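First the structure, in the form of C-alpha cells, and then the observations on it.
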Amino acid sequence: QVQLVESGGGLVQAGGSLRLSCAASGRTFGNNAMAWFRQAPGKTREFVSAISRSGSIVYYSDSVKGRFTISRDNAKNTAYLQMNSLKPEDTASYFCAGRDTAYLRMIYIAETDYVFWGQGTQVTVSS
C-alpha cells in the first residue's frame, strides 16, 4: 500500500514559481506511474500532468504546457511538479496520484487510472 504526501504549496504572486513535491512510502515507487491533478473550489478535479515509470515520458494538459515541468527521482521515492509563470487560474488544491499497475512506457491521464492519492497541497496565486 502506497502513501503519498504532497508539500510545497503556498501563496505566490502571478508570474511566480512553486515546486511541489510528492513523497511516497514503500519500496516500489519505481513501478508506479505518477500524476498531478488539481481541484479549485466549486470545480471538478482536473488533470495537470503525468509521468511514466521511467520518467522518460511526460504529458501535460493544455492549460499548463510550457509552464509546468513534472519529474521524479525514484531513488528518493519522490515526484515533483515545477510550476513557473503561475496564473491566478492555477489556484487550486494540487493532488499527487500513483498507479501501481503501470506499464513501463505508458502514460495515464484519467483520474480513474490512479489508485493512490495524497491529501493535497494548496496553491494560491494572487493577481
Seminar exercise, completed: Mean separation of Cα contacts under 8 Å (at least 6 apart) over the residue count of the chain, i.e. the relative contact order in percent, is 37 percent
Exercise. Alpha carbon centre of the stretch 73-105 versus the stretch 2-52: separation in Å?
Worked result: 4 Å
Problem set entry | Most mobile listed residue (A35, A75, A14) in the chain, GNM with C-alpha springs under 10 Å | A75
Exercise. Using the Kirkwood formula over every pair of different C-alpha atoms, what hydrodynamic radius in Å results for the chain?
Worked result: 14.2 Å
Seminar exercise, completed: Quick calc of log₁₀ I(q)/I(0), the stretch 1-52, Debye, one scatterer on every Cα, no solvent, q values 0.23, 0.31 1/Å, result -1.09, -1.27
For this session: Mind grabbing the accessible area of D90 for me, 1.4 Å probe, Å², rounded to tens?
Result: 0 Å²
Exercise. With a sphere of radius 9 Å drawn around the Cβ of V123, what net charge do the other residues whose Cβ falls strictly inside it have (Lys, Arg +1; Asp, Glu -1)?
Worked result: 0
Problem set entry | Assigned charges on the beta-carbon of Lys, Arg, Asp, Glu; the chain dipole about Cα centre (debye) | 240 debye
Seminar exercise, completed: Summed over the other residues with a beta carbon less than 11 angstrom from that of D90, with K and R at +1 and D and E at -1, the charge totals +1
For this session: Using a cut-off of 15 Å between beta-carbons, work out the net charge of the residues near D100 (Lys and Arg +1, Asp and Glu -1, D100 not included).
Result: +3
Seminar exercise, completed: Filtering chymotrypsin sites (Phe, Trp or Tyr not before Pro) in the stretch 6-105 by DSSP loop and by at most 12 other Cβ atoms within 10 Å leaves Y103
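The values are calculated or read from the model by the stated rules, or taken from the named source; none is laboratory data. Note that the coordinates shown come from a computational prediction; the quantities given were computed from them, not determined experimentally. So basically every Cβ, Gly included, is an ideal-geometry build from the backbone, and we count neighbours across all protein chains shown. Accessible surface is based on the protein model in full, side chains and every heavy atom, while ligands, DNA and RNA are left aside. Shrake-Rupley method; radii C 1.70, N 1.55, O 1.52, S 1.80 Å.
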